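Student: Structure incoming, see below.
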Amino acid sequence: MINIVAMLTRLLNVLHHLRQYIESLLFMNNLVYDNHFQVEWGGDRRDFTEVIGLSAVREVVETKSGDQKAPFVQKTPGDEQYPNIILRRYLNRGDNQMFEWWIRQSAEEDLRTVIIKLLNKQHEPVFIWELTNAFPARIAYSPFSAKKAQPVIEEIELSFDSMRVSIP
């Protein structure tokens with residue numbers, strides 16, 4: 001009788017772990033992968049290789065209260081800040097649109113809405129980031145090397161006022 005109870009207990013334990021494993025596999029279908037995206041920035045090409053730094057930061061305001069024997073610090077949410085992002089892509093012959101946008105900022109304000117779409121396998125957006133009033137803060141190119149031939153990377157750093165994330 002004791003062996004049967006022990007065997008049933010082990011069997012229930014195995015079934016419990018099997019259920020957890022199957023649930024984790026089902027959950028993996030809801031994961032979003034980051035390797036298929038598109039950037040709409042006002043230029044012709046949308047084939048960026050990297051988007052770096054999509055984030056938002058909230059300032060934490062600390063207020064000290066002197067009413068109690070031990071000092072008490074209350075933390076409250078402050079202003080939002082949006083750090084600059086970096087876009088990278090391969091430099092194509094005859095395409096100078098990023099640098100032209102950079103130069104135009106010296107003469108006139110050319111603020112744009114930049115839209116970053118994370119796409120599924122069917123090329124449909126699953127998440128959309130909308131950056132308002134974006135402008136180039138820095139432009140750079142990968143180092144040139146005589147030792148090996150590799151594509152040149154164009155990198156532009158964008159500053160922007162606000163970010164909105166949506167699910168279509």
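Student: Could you tell me whether segment 115-122 includes any residue that is outside any strand (DSSP E or B), among the basic types (Lys, Arg) and touching a residue at least 40 places away in the same chain (Cβ under 8 Å)?
Tutor: Yes.
This table checks each residue for (1) part of a loop (DSSP other than H, G, I, E, B); (2) modelled with pLDDT of 80 or more.
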| position | (1), (2) |
| --- | --- |
| Arg10 | no, yes |
| Val14 | no, no |
| Arg19 | no, no |
| Asn30 | yes, no |
| Asp34 | yes, no |
| Val61 | no, yes |
| Lys69 | yes, no |
| Pro77 | no, yes |
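Student: Output the residues belonging to segment 139-168 that are charged (D, E, K, R) and either in a loop (DSSP other than H, G, I, E, B) or without any contact (Cβ under 8 Å) to a residue 24 or more places away in the chain (or both). Talk me through it step by step, then tell me what you get.
Tutor: Initial filter on segment 139-168 (charged (D, E, K, R)): 147-148, 154-155, 157, 161, 164.
Of everything in segment 139-168, those that are charged (D, E, K, R) and either in a loop (DSSP other than H, G, I, E, B) or without any contact (Cβ under 8 Å) to a residue 24 or more places away in the chain (or both) turn out to be Lys147, Lys148, Asp161.
Student: Something else now. Given the condition farther than 20 Å from Gly42 by Cβ, part of a loop (DSSP other than H, G, I, E, B) and either in the same structural domain as Glu40 (by TED's automatic domain parsing) or touching a helix residue (DSSP H, G or I) at 6+ places or on another chain (Cβ under 7 Å) (or both), answer yes or no: does some residue in segment 89-108 qualify?
Tutor: So far as segment 89-108 goes, yes, one or more of its residues are farther than 20 Å from Gly42 by Cβ, part of a loop (DSSP other than H, G, I, E, B) and either in the same structural domain as Glu40 (by TED's automatic domain parsing) or touching a helix residue (DSSP H, G or I) at 6+ places or on another chain (Cβ under 7 Å) (or both).
The values are calculated or read from the model by the stated rules, or taken from the named source; none is laboratory data. Being a predicted model, the structure only gives us computed values, none of them experimental. We place every Cβ from the backbone using ideal geometry, glycine too, and count neighbours over all the protein chains shown.
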